[in-house]
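For reference, the structure is listed below as structure tokens.
The values are calculated or read from the model by the stated rules, or taken from the named source; none is laboratory data. The shown structure was predicted, so the numbers you read here are calculated from the model rather than taken from an experiment. Accessible surface is based on the protein model in full, side chains and every heavy atom, while ligands, DNA and RNA are left aside. Shrake-Rupley method; radii C 1.70, N 1.55, O 1.52, S 1.80 Å.
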Amino acid sequence: KFCCAPLLDLPNVSSHMTMKSPMFSKAIFVLIALLFFLTGATGLVYQVVWQRYLLSLFGATIYSISTVLAAFMGGLALGSFLFGRVADRSRWPLGLYGVLEIGVGLAALAVPWMLRILDPVFVAVYQNYGSNFFLYSLLRFVFVFLVLLVPTTLMGGTLPLLAKFAAPDGSHAGFRVGFLYALNTCGAVVGTIASGFFFIRWWGISASVLLAV
């Protein structure tokens, strides 16, 4: 309720959104806000699905969840750091945001394929280090972490770019960026519920990934 409350007062939102950029308008901002809500949902669809993929690899829920969560949060932090610097210099933050979102979809589409490619690597790691549970688990974690780091880093770069677009001169940045982040968080909640309780049960894991992409 708190996250979605600003949607009930869009005229007030527009009063805070007066910007010097010729690209900006209320309609564009509403469209961007909707897209950011949807990408928040798809991001958590990916997270839930990746956890299911890794369950067969790690054999225990706690390890699959921990790996996905570490890669997700690490990638978001790395992407925010890297693309935050890019956003400060970018003259086209909205276009670059679109490029990143396309990259997220393509990278997420490639994750199952990359994990299948790594199957012989995991077999070799088990044959050489299977007797050392800690080292074996650590090596599996590193390989999977690197695979998931690509899409999650791209995800992390989206908010700084939208923040640059929404508040290019820094005025009303708290409200504008907070509003976008709230919508993204609401989308994440919707994506978690939809994928965990409905999409995977109705269509399976692969179809859920394709839907999110």
In units of 2.2 N^0.38 Å, what is the alpha-carbon radius of gyration of segment 29-121? 1.26
Along the three principal axes, how long is segment 89-189 when you take its alpha carbons, biggest first, rounded to the nearest angstrom? 58, 27, 23
List the extent of the Cα atoms of segment 146-213 along each of their three principal axes, largest first, rounded to whole Å. 46, 26, 15
Let a ≥ b ≥ c be the square roots of the eigenvalues of the Cα gyration tensor of segment 72-112; is it rounded (a/c under 1.5), or, if not, prolate (a/b larger than b/c) or oblate? oblate
Mean separation of Cα contacts under 8 Å (at least 6 apart) over the residue count of segment 76-213, i.e. the relative contact order in percent, is 40 percent
The percentage of the accessible area of the chain (probe 1.4 Å, all protein chains present) made up of carbon and sulfur atoms, to the nearest whole number, is 72 percent
For the chain, what percent of Cα pairs sit more than 33 Å apart? 23 percent
Tell me, how many Å apart are the Cα centres for segment 29-73 and for segment 158-213? 11 Å
Run the helix sum for the chain: -39,500 (n - 2.57) per DSSP H stretch of 4+ residues, divided by residue count, reported at 222 nm to the nearest 500 deg cm²/dmol. -27000 deg cm²/dmol
